Amino acid sequence: MKKVTALLIVLLIASVLLFAAGTAEQAQGPKVMKIAGTMSQAETDGEYQGTKEFARLVELYTNGSIKCQIYPSSQLGSFNEFTEGVMMGTIEACVCGASAMGTNDPFLYFLEMPYIFKDLNHARNLWETDNEAKAKIDESLAGLNMISAGTLYRSPRVWCNNKRPVSSPKDNTGIKMRAPNSPISLSFASAMGASPVSVAWAEVYTALSAGTVDGVENTVTELFNNNMHEVVKYCAETNHMVNTQNILVSKKWFDSLSASEQAAIKKAGQEATVWRANQLSSEVKIAWEAFEKRGVDIIWQADLDMDAFAIAGQSVIDEYVGKGYFTEAYLDMVKGLGK
């Protein structure tokens, strides 16, 4: 009888301990994945919508063991502040261009070089297939304590101004072109034959209206989302750069997750990448239609001297290859993915 009583007591204690452990685990709740970014919360902001889709899929595939909290509009600090947080592991993830991490590893600046991508499908071949060029990017990001979980594509960048139609770099003579305050952007505007003027993005609409600058270059979707089609007369489909925004995850935090949670994040990133690519074509169509409806004179790529633009862009590539950040052979590897 005493043995039976002792056994019952042991079982009771074990049950209590298991219940307590389960209660404690429930009390801790799901793991939180903060996702920082500079994107707006506009319904037309593809970057924000892509981030929302990624967050939804993470929660779905982890069965709620990870809850995502999106912090757009620099709510977790400036770009430098939140990327530092991701590298240190105090912020779980962020959305930004891998090229922007060139401040920490200049190799990644190669993603800002003109005319290394022919089109969106070319960029997709880099980010969505197993290839040596992508492996080198992953190696660079790992050195920054980051992994790329997914890619949110942007449309190719185009060239707008209020002076004259531009079909080759020589047509840019005397055009004051707005450029971000970055060495690559300033070098590129000069290489294209324009006079670069550094103006904050938030001030570009007013600067174009007032004539402080004559032109602006960006993705056609970004230009449309910021109403630039209202204040430009000409737009050339130069497609000189194909930007991407990457979902960068803290490696320190990622390594602390279970294998199933890690797999879920990778799966969510892959599916969000495809989802974003599929959404982009309709956004580009809407943007170009808005330009046409506004009466902007559009010079399509078929009517541009693309060889002359590519030659102009090569001078920027030569400058940065000369700095030793990356090699021409590596860029050829990337370009080869477009064949």
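A quick yes/no check of all residues on (1) under 26 Å from Ala264 (Cα atoms); (2) assigned to a helix (DSSP H, G or I):
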{"site": "Gly85", "(1), (2)": "yes, yes"}
{"site": "Val95", "(1), (2)": "yes, no"}
{"site": "Ser99", "(1), (2)": "yes, yes"}
{"site": "Phe107", "(1), (2)": "no, yes"}
{"site": "Leu111", "(1), (2)": "no, yes"}
{"site": "Ala133", "(1), (2)": "yes, yes"}
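For region 164-184, name all the residues that are open to solvent by 10 Å² or more (accessible area, probe 1.4 Å), closer than 20 Å to Val232 by Cα and part of a helix (DSSP H, G or I).
Pass one, region 164-184, residues open to solvent by 10 Å² or more (accessible area, probe 1.4 Å): 164-165, 167, 169-171, 173-174, 176, 178, 180-184.
Next, from what is left, pick out any that are closer than 20 Å to Val232 by Cα: 164-165, 167, 169-171, 173-174, 176, 178, 180.
Residues satisfying the conditions are Pro169, Lys170, Asp171.
Here the condition is being surrounded by fewer than 17 Cβ atoms within 10 Å (Cβ to Cβ), of a type in the set (S, T, N, Q) and either within 30 Å of Tyr61 (Cβ to Cβ) or touching a helix residue (DSSP H, G or I) at 6+ places or on another chain (Cβ under 8 Å) (or both); of Ser258, Ser250, Ser209, Ser187, it holds for Ser258 alone. Can you tell me which residue is most open to solvent (accessible area, probe 1.4 Å) among those in region 56-73 that are without any contact (Cβ under 8 Å) to a residue 60 or more places away in the chain and not charged (D, E, K, R)? Per the stated criteria, the residue is Asn63. Filtering region 244-273 to residues that are of a type in the set (Ser, Thr, Tyr) and assigned to a helix (DSSP H, G or I) leaves Ser260, Thr273. So is Gly269 more than 21 Å from the chain's Cα centre (by Cα) and at pLDDT 95 or above or not? No.
Could you check region 207-230 and list, in sequence order, the residues that are touching a residue at least 60 places away in the same chain (Cβ under 8 Å) and of a type outside the set (Phe, Trp, Tyr)?
Quick first cut of region 207-230, residues touching a residue at least 60 places away in the same chain (Cβ under 8 Å) only: 217-225, 228-230.
Correct list: Glu217, Asn218, Thr219, Val220, Thr221, Glu222, Leu223, Asn225, Met228, His229, Glu230.
Looking only at residues in region 82-118 that are of a type in the set (Phe, Trp, Tyr) and open to solvent by less than 10 Å² (accessible area, probe 1.4 Å), the one that is nearest to Glu139 (Cα to Cα) is Phe110.
Considering Ser73, Ser65, which residue is out of contact with any Cys (no Cβ under 9 Å at 6 or more places or on another chain) and over 26 Å from Leu111 (Cβ atoms)? First the steps, then the outcome.
Working: Ser73 fails: over 26 Å from Leu111 (Cβ atoms).
On inspection, the qualifying residue turns out to be Ser65.
Within region 149-176, if we keep just the residues that are hydroxyl-bearing (Ser, Thr, Tyr) and touching a strand residue (DSSP E or B) at 6+ places or on another chain (Cβ under 9 Å), the residue that is modelled with the lowest pLDDT turns out to be Ser155.
Annotation: Glu139 fulfils all but one of (1) charged (D, E, K, R); (2) assigned to a helix (DSSP H, G or I); (3) farther than 29 Å from Leu257 by Cα; the unmet one is (3).
Out of Ala308, Ala263, I need the residue that is surrounded by 13 or more Cβ atoms within 10 Å (Cβ to Cβ), at pLDDT 95 or above, farther than 30 Å from Leu144 by Cβ and more than 21 Å from the chain's Cα centre (by Cα). Which one? Reasoning before the result, please.
Working: Ala263 fails: farther than 30 Å from Leu144 by Cβ.
Within the list Ala308, Ala263, the selection yields Ala308.
Taking region 189-229 as the range and being over 22 Å from the mean Cα position of the chain (by Cα) and of a type in the set (A, V, I, L, M, F, W, C) as the test, the residues that pass are Ala191, Met192, Ala194, Val197, Ala207, Leu208, Ala210, Val213.
The values are calculated or read from the model by the stated rules, or taken from the named source; none is laboratory data. From a predicted model like this one, the values you see are computed outputs, not experimental measurements. Please note: Cβ atoms are built from the backbone with ideal geometry, for glycine as well, and neighbour counts cover all protein chains shown. Note: accessible area is taken over every heavy atom of the protein model, side chains too, but ligands, DNA and RNA are not part of it. Shrake-Rupley method; radii C 1.70, N 1.55, O 1.52, S 1.80 Å.
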